[in-house]
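What follows is one structure encoded as structure tokens, with my remarks underneath.
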Amino acid sequence: KREEDPPRVNIGWDPHKPVDKAPDSLVRPGDGPDGNYPMRARFEQMIREAQISITDAIEKIDGKAKFQEDSWIRANGGGGMSRVLKDGAVFEKAGVNLSVVYGSMPQEALQAATERGVDRAKGMAPGERVPFFACGLSCVMHPRNPHCPTMHFNYRYFETDGGVWWFGGGTD
């Protein structure tokens, strides 16, 4: 382990620290393989703008309730912003959450999440964990009307420190 490496990440719950206001970016400065910091930072900026646009639109549709925001940071980098609306005229509850996560995963998890037959952990020692970065936006909306369905979506960018990356997510 090099001295300048960030602290090792526990796969379990990574405690977070509430903050009054999220920093301008939750991505570690200059972070990413082969200088891929710009992609990480651009995706975070894009979903921050989407979070604002979506919550503004939901408030306008609802006409009564307003979103409350909680922000947090994590010691090893990353953090997030949760926006929750409750007791509205149209929506009983809605949440639009942004998160930036640094972690590590077993090589088998990387293999299961990527193209079959390709060794994405090539060159790693057996049992060595794969460091990753993930950034995403998720939303769940529960309308008051029992005949209207609950809506959910999430969109994310995922990248390993080895340079493997993909976009994911969906709507239901």
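Tell me, please, whether a residue that is in contact with a helix residue (DSSP H, G or I) (Cβ under 6 Å, 6 or more places away or on another chain) and open to solvent by 40 Å² or more (accessible area, probe 1.4 Å) can be found in region 113-122.
Yes, there is a match, as at least one residue in region 113-122 is in contact with a helix residue (DSSP H, G or I) (Cβ under 6 Å, 6 or more places away or on another chain) and open to solvent by 40 Å² or more (accessible area, probe 1.4 Å).
Find all pairs meeting these conditions: Cβ atoms under 7 angstrom apart; at least six residues apart or on different chains; first residue within region 66-89 and of a type in the set (Phe, Trp, Tyr); second residue open to solvent by less than 10 Å² (accessible area, probe 1.4 Å).
From region 66-89, the pairs are 67/55; 67/85; 72/79; 72/80.
Which condition number in (1) touching a Gly at 6+ places or on another chain (Cβ under 9 Å); (2) open to solvent by 80 Å² or more (accessible area, probe 1.4 Å); (3) closer than 26 Å to residue 24 by Cα is the one that residue 168 fails?
Every listed condition holds for residue 168 apart from (2).
In region 52-84, which residue that is surrounded by fewer than 19 Cβ atoms within 10 Å (Cβ to Cβ) and among the hydroxyl-bearing types (Ser, Thr, Tyr) is farthest from residue 26 (Cα to Cα)?
My answer is 53.
Identify, please: which residue in region 141-165 is surrounded by 15 or more Cβ atoms within 10 Å (Cβ to Cβ) and under 26 Å from residue 57 (Cα atoms) and is, among those, nearest to the chain's Cα centre (by Cα)?
Keep residues of region 141-165 that are surrounded by 15 or more Cβ atoms within 10 Å (Cβ to Cβ), which gives 141-143, 153-162, 164-165.
If we keep only those that are under 26 Å from residue 57 (Cα atoms) as well, we get 141-143, 153-157.
On the way: 141: 18, 142: 21, 143: 24, 153: 12, 154: 9, 155: 8, 156: 6, 157: 8 Å.
For region 141-165, the residue satisfying everything is 156.
Every residue in region 113-131 that is closer than 30 Å to residue 51 by Cα, modelled with pLDDT of 80 or more and among the hydrophobic types (A, V, I, L, M, F, W, C), please.
130
State yes or no: is residue 134 farther than 25 Å from residue 27 by Cα and either at pLDDT below 95 or surrounded by 12 or more Cβ atoms within 10 Å (Cβ to Cβ) (or both)?
Judged against the criteria, residue 134 is not a match.
Kindly check whether there is at least one residue in region 18-41 that is part of a loop (DSSP other than H, G, I, E, B), at pLDDT 95 or above and over 30 Å from residue 130 (Cα atoms).
No, that holds for no residue.
When you scan region 92-101, do you find a residue that is in contact with a helix residue (DSSP H, G or I) (Cβ under 9 Å, 6 or more places away or on another chain), outside any loop (DSSP other than H, G, I, E, B) and within 21 Å of residue 31 (Cα to Cα), even just one?
Yes, region 92-101 contains at least one residue that is in contact with a helix residue (DSSP H, G or I) (Cβ under 9 Å, 6 or more places away or on another chain), outside any loop (DSSP other than H, G, I, E, B) and within 21 Å of residue 31 (Cα to Cα).
The values are calculated or read from the model by the stated rules, or taken from the named source; none is laboratory data. What you see is a predicted model, and the numbers here were worked out from it, not measured in a lab. All Cβ positions, even for glycine, are placed from backbone atoms using ideal geometry, and neighbour counts span all protein chains on display. Remember, those area values only see protein heavy atoms, side chains included, never the ligands or the DNA or RNA. Shrake-Rupley method; radii C 1.70, N 1.55, O 1.52, S 1.80 Å.
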